[in-house]
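Taking it in order: structure first as structure tokens, then the write-up.
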Amino acid sequence: MMALKLRALLCVITLLSASLVSARQPPAKSDEGGDTTIKRLTTLLNRSGKDYRVKIRITSRSNNGDRNIVYLNATRDADPEGDTLQFKIKGDDTSLQTLCLQCLSTGGVSNCGSGSDALIPEPEMLFPGSILPWEEILVGACGTWVVEKSPLVATTKQLPRQDYQVRLANAAFENSWVSTLVTLDTDSGDPVYFDRIDHHGMILRRIKVLEIGRTGSWRGIRRAIIEIPDGRVLMEVVGFRKGAGKSH
């Protein structure tokens, strides 16, 4: 999950989205409509269009050994005119912060709060209490992902194939990365890595998927590690509930 973002997420989650948390929805249109892998990845990554409550624990470990934990409680109220996202952020060294955003059809966000709630973070800013760029959270919150065959294919026997890529269909701002390469496990067909590729063709951030879970019809990424130049960030879904109510 892992939920807000974008002047284009994903951010994200990520969470990828947020990000990190995703639910079932009809597959997005693609030139590879008959490819079952594309359909599975599309369903995994894109939001469901339904209400849910999620709690995500974000644990950062910097290269110098510092460790910080922060919790993100996110509520999504789905609406055809734009989903509304309520965020509460709290950590041991982070005072409670709240944020209300509405996803726009362009892929951007507008605020739906007042006062401190009206501040929309810049993608390059760090998520409170962590070393994670807000970009990943924001992309996961409002981004719509399209999965495609990748022109870059790794065929070594030592590594799973890297023959799919993910792009934002509604990007409303300039991401720090150009595309996302997906590495699949050759046995299960599930994603193992999401590599953010920068403008120079280098890996900017690597998202390592640790667990994919299912709750009823919902199927999403429960645990993932985001490797960034400053260290590593573990994102874990520790509470999830569909519909109204509080995550637990």
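Within region 164-183, is even one residue assigned to a loop (DSSP other than H, G, I, E, B), modelled with pLDDT of 75 or more and over 16 Å from the mean Cα position of the chain (by Cα)?
no
Just to be sure I understand, how many residues within region 36-72 are closer than 21 Å to R219 by Cα, open to solvent by less than 60 Å² (accessible area, probe 1.4 Å) and of a type in the set (S, T, Y)?
5
Could you list, in sequence order, all residues of region 138-157 that are modelled with pLDDT under 80 and among the acidic types (D, E)?
Passing the criteria: none in range.
Taking interchain pairs and intrachain pairs at least six residues apart, which have beta carbon atoms under 6 angstrom, with the first residue in region 127-148 and open to solvent by 10 Å² or more (accessible area, probe 1.4 Å) and hydroxyl-bearing (S, T, Y) and the second part of a helix (DSSP H, G or I) and modelled with pLDDT of 85 or more?
From residues that are open to solvent by 10 Å² or more (accessible area, probe 1.4 Å) and hydroxyl-bearing (S, T, Y), there are no pairs.
Going by the structure shown, is R24 over 22 Å from I120 (Cβ atoms), modelled with pLDDT of 90 or more and either touching a Phe, Trp or Tyr at 6+ places or on another chain (Cβ under 7 Å) or not in a loop (DSSP other than H, G, I, E, B) (or both)?
Judged against the criteria, R24 is not a match.
Report, ordered by the first and then the second residue, all pairs with beta carbons closer than 6 Å, sequence separation of six or more or different chains, a first member in region 80-109 that is within 18 Å of Y52 (Cβ to Cβ), and a second member that is modelled with pLDDT of 90 or more and of a type in the set (S, T, Y).
Correct list of pairs: Q86/T75.
For the subset of region 202-227 comprising residues that are of a type in the set (A, V, I, L, M, F, W, C) and modelled with pLDDT of 95 or more, which member is most open to solvent (accessible area, probe 1.4 Å)?
Once the filter is applied, the top-ranked residue is L210.
For region 73-98, enumerate the residues that are of a type in the set (V, I, T) and open to solvent by 10 Å² or more (accessible area, probe 1.4 Å).
Within region 73-98, T75, T84, T94, T98 meet the criteria.
The values are calculated or read from the model by the stated rules, or taken from the named source; none is laboratory data. Bear in mind that the values here come from a model prediction, so they are computed numbers and not experimental data. Heads up, the Cβs are rebuilt from the backbone with ideal geometry, glycines too, and the neighbour counts pull from every protein chain shown. Heavy atoms of the whole protein, side chains included, go into the accessibility calculation; ligands, DNA and RNA do not. Shrake-Rupley method; radii C 1.70, N 1.55, O 1.52, S 1.80 Å.
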